[in-house]
Amino acid sequence: MACLAIPVQAASLEVCISDEAFPPFTFPNREGNSQRLIRQAVERQGWQLEFVALPWRRCLAGVEQGIFGAIAGVAANPEYLDFMAFPQRLGQADPQRAVGITRLVVYRLSGGAAAWDGRVFSGLGRPVLYLSGRTTLKVLLEGLGVSGVDTARTSTQLAHMLLRGRGSLAIDHDYQVELLLAEPEFRGRFEVLPAPLGEAPIFLAVGRQLYQRNSRQVEAIWNEIGVLRRATGPTLRPLWQVGSSPEAVGEE
């Protein structure tokens, strides 16, 4: 796998993405909105770009180990800051240089009693289900004193687990849930709760070592992403707050 070369040479950047579709941002078999933004921004720096699709945990580990130069579609979670660099403004991740924004929703079996009101969960007889590798959700649920299970690798698996009674509620990205509810096998069987769990910007994050060697070029890529987003899409909305503290709840 090609790593980033010395800046004076033809540079090549390998970006890891989830091998599960993360619509409309990234797809393993075609380029989504965020991938197109990244490609334009990277190529304007004269770099070559390759996307590699792997399970999310392997993407995270690959960036930490220096196998990949960057990862796309990641939220700026504190636990990643030791080995990833994010675009910064005033000491915080800069949402105006994000590649997109994602919203997490909570859903249940139609007519179910379990609930989420925007601050607390209630009526839980079983755990809350969510996708594998979502570290922020694990921390969030633990902080709320709620049991969670993250064994599902895909949104479809997550929905089947809920149907089988493995959990009281499920958490997923709004785009995936919208697609699920349109499928014949799931139509009419679930209901999305009115209050979202949260929303957050997602980023192209680069490995710390890469950033230290090429900070000027990486900053230029992030700046270009911000320019392209403002030219082609709406301004990012602010983070939703879970309880009283904002949480980054994007693809992690």
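Every condition in (1) on the phi < 0 side of the Ramachandran plot; (2) out of contact with any helix residue (DSSP H, G or I) (no Cβ under 8 Å at 6 or more places or on another chain) is met by Ala152 except one, and the failing one is (2).
Could you say whether any residue in region 5-16 is closer than 22 Å to Arg134 by Cβ and either assigned to a loop (DSSP other than H, G, I, E, B) or at pLDDT below 95 (or both)? Reasoning before the result, please.
Initial filter on region 5-16 (closer than 22 Å to Arg134 by Cβ): 15-16.
Going one step further and asking which of them are either assigned to a loop (DSSP other than H, G, I, E, B) or at pLDDT below 95 (or both), we end up with none.
No, region 5-16 contains no residue that is closer than 22 Å to Arg134 by Cβ and either assigned to a loop (DSSP other than H, G, I, E, B) or at pLDDT below 95 (or both).
Determine if region 51-70 includes at least one residue that is farther than 30 Å from Leu13 by Cβ and either surrounded by 16 or more Cβ atoms within 10 Å (Cβ to Cβ) or not assigned by TED's automatic domain parsing to the domain that holds Val192 (or both).
Let us first name the residues in region 51-70 that are farther than 30 Å from Leu13 by Cβ, namely none.
No: zero hits.
Every condition in (1) closer than 12 Å to Arg97 by Cα; (2) at pLDDT 95 or above is met by Arg208 except one, and the failing one is (1). Taking strands (runs of 3 or more DSSP E) as the structural unit, those lying wholly within region 21-128 and holding at least 2 residues that are of a type in the set (D, E, K, R) correspond to 100-109.
Pull up region 166-213, narrow it to residues that are aromatic (Phe, Trp, Tyr) and touching a residue at least 40 places away in the same chain (Cβ under 8 Å), then point me to the one that is surrounded by the most Cβ atoms within 10 Å (Cβ to Cβ). Checked region 166-213; the qualifying residue surrounded by the most Cβ atoms within 10 Å (Cβ to Cβ) is Phe203. Take the residues in region 171-190 that are at pLDDT 95 or above and closer than 13 Å to Ser110 by Cβ; name whichever of them is farthest from the chain's Cα centre (by Cα). Going through the qualifying residues, I end up with Arg189.
Screening Pro28 on (1) in the same structural domain as Val206 (by TED's automatic domain parsing); (2) crowded, with 18+ Cβ neighbours inside 10 Å shows it passes everything except condition (2).
Pairs meeting the criteria (first residue in region 40-55 and more than 25 Å from Glu20 (Cβ to Cβ), second residue part of a loop (DSSP other than H, G, I, E, B), beta carbons under 6 Å, at least 6 apart or on different chains) are Trp47/Ala11.
Is it the case that some residue within region 88-103 is of a type in the set (Asp, Glu) and either without any contact (Cβ under 8 Å) to a residue 40 or more places away in the chain or under 25 Å from Thr154 (Cα atoms) (or both)? The answer is no; no qualifying residue exists.
The values are calculated or read from the model by the stated rules, or taken from the named source; none is laboratory data. Keep in mind it's a predicted model, so treat the numbers as computed, not measured. Glycine also receives a Cβ, built like all others from the backbone with ideal geometry; neighbour counts cover every protein chain displayed.
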